[in-house]
Structure formats: C-alpha cells, structure tokens
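Written out below as structure tokens is the structure these notes cover.
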Ligand code: ADP
C-alpha cells in the first residue's frame with residue numbers, strides 16, 4: 001500500500017502541532033516535528049542542542065544540514081510507518097529537495113502539502129498566548145515572534161510554489177474552531 005506522507009505547512013502559530021495530533025490518530029501516522037526534535041536536543045544538553053538554542057532563541061532558522069540529518073535518522077527508524085506527517089519541515093528549498101531525495105529513493109513521495117493559512121495579527125496573538133503558559137522563550141517576545149514570521153515569509157513560504165509545481169499544494173483556512181480546521185484538513189487529504 002502506498003504511504004500517506006504529508007507536509008503540514010504554515011507560519012509559526014498556524015496550529016501545525018495541534019492539528020498533527022488529530023491527523024496522527026485518524027490516519028495512524030508518525031509525527032516528525034523538527035522543532036520538537038531540536039527542543040529534545042536542548043533538553044538533553046547535547047552539543048547540537050547548544051548550537052541550535054542560540055539560533056532558536058533569536059527566531060532564526062537552524063542550518064539545513066542539521067535538520068536534514070535529524071529527519072533522515074527518523075525516517076530510517078520508522079520503516080513500518082503508514083506514513084509521516086512532517087511538521088515544521090521542510091522550511092527551505094534545500095530541505096524540500098533533500099526530503100524529496102530521501103522519499104523518492106524509497107518510492108514513497110510526499111502526497112500533499114497542507115498549508116494552514118492564518119493572518120499575521122492572529123499569529124502574533126496566538127503565539128504570545130502560548131508563550132504565557134508554554135515556557136517557550138521564543139514565544140514570549142513580540143520582536144522574536146515577528147522575526148520568525150519574517151524568516152517564514154522569506155525562506156519558507158516560497159515552498160508553496162515548490163509543491164504547487166508538483167501539483168501537491170493545498171491551501172487550508174487555518175482560522176476557526178479546532179474541529180472545523182481538522183475537518184478541512186481531512187477533506188483535503190481526501
Ligand atoms: P514554530 O512553528 O512555532 O516556529 P517550531 O517548533 O516548528 O515552532 O520551531 C521552533 C524553532 O526551531 C524555529 O524558530 C527554528 O529556529 C527551529 N527550527 C525548527 N524546524 C526547523 C527547520 N526545519 N529548519 C530550520 N530551523 C528549524
């Protein structure tokens with residue numbers, strides 16, 4: 001059976017992590033979030049985590065080779081998966097090309113890029129709200145949040161065209177109740 005490999009896409013605060021939880025359950029997928037993987041490295045105080053923390057605290061992207069290496073290890077560790085949800089990855093064209101290379105070599109390509117669309121003022125509001133309870137320092141400072149959104153617009157948003165050229169881009173309205181947004185995603189998966 002072909003694998004349901006999905007990219008869940010969108011700016012910081014679009015709700016990728018929250019919606020991933022529903023989709024994993026519904027379709028039996030493995031969740032791969034580079035943000036979560038990096039925070040685990042920070043918590044474990046590894047050398048990689050130490051280097052990444054400085055960049056993440058500023059709202060800058062971590063270098064491509066680091067996140068690509070983490071994703072490669074995880075894909076190789078889950079041959080049995082019915083599919084993966086990539087959350088927060090790819091974030092640059094180099095990452096998208098590397099991911100295509102890994103998955104196409106297994107004849108298990110990305111099936112769709114589900115892009116959650118949320119206006120900037122709503123993103124800032126959500127992230128500051130999350131920062132008040134999550135303890136994530138990159139969610140507590142509006143200047144850092146706006147830098148993350150700029151990084152998204154400059155380096156990551158162009159991936160809509162990358163996946164669009166492959167006929168895989170699906171824009172999803174990311175404003176509404178959690179259940180409504182899940183239903184939109186499920187419909188788009190088809
Ligand atoms: P959010 O989507 O709210 O920004 P994430 O947990 O996805 O949260 O990412 C947090 C931070 O981790 C990013 O601001 C960035 O510094 C780093 N990061 C996560 N994924 C990547 C990636 N694929 N490439 C580069 N940096 C990443």
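The values are calculated or read from the model by the stated rules, or taken from the named source; none is laboratory data. Because the structure is predicted, anything quoted here is derived from the model rather than measured. We place every Cβ from the backbone using ideal geometry, glycine too, and count neighbours over all the protein chains shown.
General observations
- 2 or more residues at pLDDT 95 or above, in contact with a strand residue (DSSP E or B) (Cβ under 9 Å, 6 or more places away or on another chain) and surrounded by 17 or more Cβ atoms within 10 Å (Cβ to Cβ): qualifying helices (runs of 4 or more DSSP H) within segment 1-113: 16-27, 34-43, 64-77, 93-105
- Pairs where the first residue, in segment 5-23, is within 23 Å of residue 106 (Cα to Cα) and the second is within 8 Å of the ligand (Cβ to nearest atom) and in a helix (DSSP H, G or I), C-beta under 7 Å, 6+ apart: 8/16
- Those residues of segment 118-130 which are within 12 Å of the ligand (Cβ to nearest atom) and free of Cβ contacts under 8 Å to residues at least 12 places away in the same chain, in sequence order: none
- Residues in segment 84-117 that are at positive phi and either without any contact (Cβ under 8 Å) to a residue 24 or more places away in the chain or more than 14 Å from the chain's Cα centre (by Cα) (or both): 107 only.
- Filtered by the rule that a residue be under 16 Å from residue 158 (Cβ atoms) and away from the ligand (no atom under 14 Å from the Cβ), segment 85-109 gives a lone residue, 100.
- Residue tally, condition more than 19 Å from residue 119 (Cβ to Cβ) and either part of a helix (DSSP H, G or I) or touching a residue at least 40 places away in the same chain (Cβ under 8 Å) (or both), over segment 171-190: 7
- Residue match in segment 133-146 (condition: assigned to a helix (DSSP H, G or I) and under 24 Å from residue 27 (Cα atoms)): no
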